[in-house]
Amino acid sequence: MNKVRTRMAPSPTGFFHIGNAKTALYNWLLARQTGGTFILRLEDTDAERSKVEYEQVVAEALTWLGITWDEGPGFGGNPDRGGYGPYRQSQRTELYRNEAQRLIDEGAAYRCFCTKEDLDAERQRAAGEGGHARYSGKCRALTPEEVAAKGNALYSVRFKVEPGVTEIPDLLQGTVRVDNKEFDDFIIVKPNGDAVFHLAVVVDDGLMKISHVIRGDDHLTNAARHVMLFNALGYDLPVFVHHPLVHDEHGKKYSKRLHGANLLDWREDGYLPEAIVNYLVLLGWAPSDDRELFSPDELIKEFSIDRMSLSAGKFDLKKVQWLNGQHIRRLSVEDLRDRLLPVMAKAGLDVGSKSPECLTRMTAICQEKIATLNDIVGMVDFFFVAPAEYEEKGVKKQWKKEDSMDRMQAIRDAMEGVGEWTVDALHAAYQALAEKAECGLGKFIHPTRLALTGKGVGPGLFELAQLLGKETCIERIDKGIEYIKAQCGEAPGEA
RNA sequence: GUCCCCAUCGUCUAGUCUGGUCGAGGACACCGCCCUUUCACGGCGGCGACAGGGGUUCAAAUCCCCUUGGGGACGCCA
């Protein structure tokens, strides 16, 4: 096989779609595992919708995922990278015009003087007759004299579709055959001189020597047009791999309007890029064994086109969450801590007020409990600020019982008595407490948790108390006692 | 409507090419139980699928055909 050259060719017309990410991943994976080249190309031929800031978004999304490109456009005034540039289609218009002219000269394309209005009317009529709209081909037969007679009239360039059958060599789908009569003579250059997508991709893929075109199967029909163009232009045909689209939970193409359609939504929601990479790849590919947890490096090693799936996968939030939790657990504490810091800071927690050791410890006692980075906030907020209020359910259960006050007093005393403030010492103190009262540990642990954190759930109590420090713990127990006096004093619970 | 693609538990899938080892395996979710100071994590168990119909064959989830269902494409968007 010749050197593998794959590309990702998004159009910078908005955010980076989750489906684009999946496509980018397969292209990147193949390039990386074969020692090939991965190319980023910006398909910005639609000047109406393409915007420079969206290019930035593409780069940011790819970078977040850990996808690096070997060739591609320069950003922020930097030069392009790679010997097949430029990598922005808007900078390749000359190339397209020349190739289009070549097609005209060789009789494979022709000028069409029909106006948009003409065509719309034609389409309307066709729709009314139930048939589907297609160009009549009326300019195809224009003689050179007739063309000359048009003078400076605007024209588009159409590709001449010849009768026959076009075969799309697709590594995943097998060879797909389409009868050319399914196509009308499609436009390859707009009247303003800009290339249409079909011409641009083919010229680019051909000239950039792309070996594998891996993309969503919404392009499968387009591929037939592209094959015709490749052949007419005399370029080597790449191998195609059309993979199924990512579907939403209802089985439709994942809509742009859905949360999560924007790849960066996942970063926002506290997901690890490696988890998203893992999930996305698994959505259209399966390993030969039962493993499901893969690091990007492992994916590079294991990925293969022949184990990609043919049917579309619905996006399953629960599974991504699970996978994210798995990846979180696999991180080193320090790594996890560093990823958690910005999340905490963004939530308003003053991380600067804690020592690195303290933050590491905080991370350690939560690592098993969080599914997303964002989950950390509710797990550690009480380390930064004393609880302003207590969870209603907890108060009812822990502080409104007849013996609640006695327990809290006993807890306070026990804490006072703890010499070295360690997890083990605390554990021992509570055990003694429980034994004396002849009940389970929980009877003392839960009221304590409520006083210290204001909540019913969180990290292990002894670990959290140890980190909080003796003084703070006793302070918060006192506050709890005051609260019970004030709120629950006159109205002891029925139990 | 036309063309193209697809079809195994609720979901993602293994198994299909090279029929028998599949009384269909794994994972998420769900439901129990265990562990346990909560929530998680972890462990154990349960529920749960070859879309339907015809063939071919000694034998079909696997091969062929039809039906049905789903998706995608039919732009001077990409």
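The values are calculated or read from the model by the stated rules, or taken from the named source; none is laboratory data. Quick caveat, the model's predicted, so the values are computed rather than measured. Note that we place each Cβ from the backbone using ideal geometry, even for glycine, and neighbour counts take in every protein chain shown.
Of everything in region A:199-223, what is within 9 Å of RNA strand B (Cβ to nearest atom) and surrounded by fewer than 22 Cβ atoms within 10 Å (Cβ to Cβ)? Give them in sequence order.
A:Gly216, A:Asp217, A:Asp218, A:His219, A:Leu220, A:Thr221, A:Asn222
If you take the residues in region A:30-62 that are away from RNA strand B (no atom under 16 Å from the Cβ) and in contact (Cβ under 8 Å) with a residue 60 or more places away in the chain, which one is farthest from A:His247 (Cα to Cα)?
The residue in question is A:Gly36.
In this structure, is A:Gly270 under 24 Å from A:Val58 (Cα atoms) and within 13 Å of RNA strand B (Cβ to nearest atom)?
no
Quick one: how many residues across region A:177-198 are near RNA strand B (Cβ under 7 Å from one of its atoms), more than 33 Å from the chain's Cα centre (by Cα) and part of a loop (DSSP other than H, G, I, E, B)?
Matching residues across region A:177-198 total 4.
Take residues that are of a type outside the set (Val, Ile, Thr), modelled with pLDDT of 90 or more and within 11 Å of RNA strand B (Cβ to nearest atom) and tell me which of the helices (runs of 4 or more DSSP H) falling wholly in region A:411-495 contain 3 or more.
Values: elements: A:423-437, A:442-453, A:461-468, A:470-483.
In region A:411-495, the matching helices (runs of 4 or more DSSP H) lie at A:423-437, A:442-453, A:461-468.
Does A:Glu249 qualify as being surrounded by fewer than 19 Cβ atoms within 10 Å (Cβ to Cβ), among the acidic types (Asp, Glu) and at pLDDT below 95?
Taking the combined requirement at face value, the residue satisfies it.
Within the bounds of region A:99-121, is there any residue that is more than 10 Å from RNA strand B (Cβ to nearest atom), surrounded by fewer than 18 Cβ atoms within 10 Å (Cβ to Cβ) and modelled with pLDDT under 80?
yes
Give the number of residues within region A:16-35 that are more than 10 Å from the chain's Cα centre (by Cα) and of a type outside the set (Ser, Thr, Tyr).
Start the filter on region A:16-35 by keeping residues that are more than 10 Å from the chain's Cα centre (by Cα), which leaves A:23-35.
When the remaining residues are screened for being of a type outside the set (Ser, Thr, Tyr), the result is A:24-25, A:27-33, A:35.
Of the residues in region A:16-35, 10 are more than 10 Å from the chain's Cα centre (by Cα) and of a type outside the set (Ser, Thr, Tyr).
Test A:Gly174 against the criterion of being part of a loop (DSSP other than H, G, I, E, B), in contact (Cβ under 8 Å) with a residue 24 or more places away in the chain and either in contact with a Cys (Cβ under 7 Å, 6 or more places away or on another chain) or within 8 Å of RNA strand B (Cβ to nearest atom) (or both), and give yes or no.
no
Across region A:72-98, which residue is nearest to the chain's Cα centre (by Cα) among those that are in a strand (DSSP E or B) and surrounded by 16 or more Cβ atoms within 10 Å (Cβ to Cβ)? Lay out the reasoning, then the answer.
Filtering region A:72-98 down to residues in a strand (DSSP E or B) leaves A:72, A:81, A:88.
So of that shortlist, the ones also surrounded by 16 or more Cβ atoms within 10 Å (Cβ to Cβ) come out as A:72, A:88.
On the way: A:Gly72: 21, A:Arg88: 23 Å.
Filtering region A:72-98 for residues that are in a strand (DSSP E or B) and surrounded by 16 or more Cβ atoms within 10 Å (Cβ to Cβ), the one nearest to the chain's Cα centre (by Cα) comes out as A:Gly72.
Inside region A:280-308, can you point out the residues that are farther than 22 Å from A:Gly260 by Cα and within 20 Å of the chain's Cα centre (by Cα)?
Passing the criteria: A:Ala286, A:Asp297, A:Glu298, A:Leu299, A:Ile300, A:Phe303, A:Met308.
Given A:Met362, A:Met379, A:Met308, A:Met344, which one is surrounded by 18 or more Cβ atoms within 10 Å (Cβ to Cβ) and in contact with a His (Cβ under 9 Å, 6 or more places away or on another chain)?
Going through A:Met362, A:Met379, A:Met308, A:Met344 in turn, just one is surrounded by 18 or more Cβ atoms within 10 Å (Cβ to Cβ) and in contact with a His (Cβ under 9 Å, 6 or more places away or on another chain): A:Met308.
Residues in region A:276-292: is at least one away from RNA strand B (no atom under 13 Å from the Cβ) and not aromatic (Phe, Trp, Tyr)?
The answer is yes, given that some residue of region A:276-292 is away from RNA strand B (no atom under 13 Å from the Cβ) and not aromatic (Phe, Trp, Tyr).
Report, by residue number, each residue of region A:6-26 that is small (Gly, Ala, Ser), within 11 Å of RNA strand B (Cβ to nearest atom) and either assigned to a strand (DSSP E or B) or more than 19 Å from A:Gln89 (Cβ to Cβ) (or both).
Answer for region A:6-26, where residues must be small (Gly, Ala, Ser), within 11 Å of RNA strand B (Cβ to nearest atom) and either assigned to a strand (DSSP E or B) or more than 19 Å from A:Gln89 (Cβ to Cβ) (or both): just A:Gly19.
Name the residue, out of A:Thr422, A:Thr448, that is of a type in the set (Val, Ile, Thr), under 48 Å from the mean Cα position of the chain (by Cα), under 22 Å from A:Arg361 (Cβ atoms) and crowded, with 16+ Cβ neighbours inside 10 Å.
Values: A:Thr422 fails: crowded, with 16+ Cβ neighbours inside 10 Å.
Every option except A:Thr448 fails the conditions.
Can you name the residue in region A:395-407 that is part of a helix (DSSP H, G or I) and more than 48 Å from the chain's Cα centre (by Cα) and is also modelled with the highest pLDDT among such residues?
A:Arg407
Considering A:Arg134, A:Arg140, which residue is under 28 Å from A:Thr115 (Cα atoms), near RNA strand B (Cβ under 10 Å from one of its atoms) and modelled with pLDDT under 90?
Going through A:Arg134, A:Arg140 in turn, the sole match is A:Arg134.
Within region A:215-249, take every residue that is over 31 Å from the mean Cα position of the chain (by Cα) and assigned to a helix (DSSP H, G or I) and give me the one that is nearest to A:Thr6 (Cα to Cα).
By that ranking, first place goes to A:Phe230.
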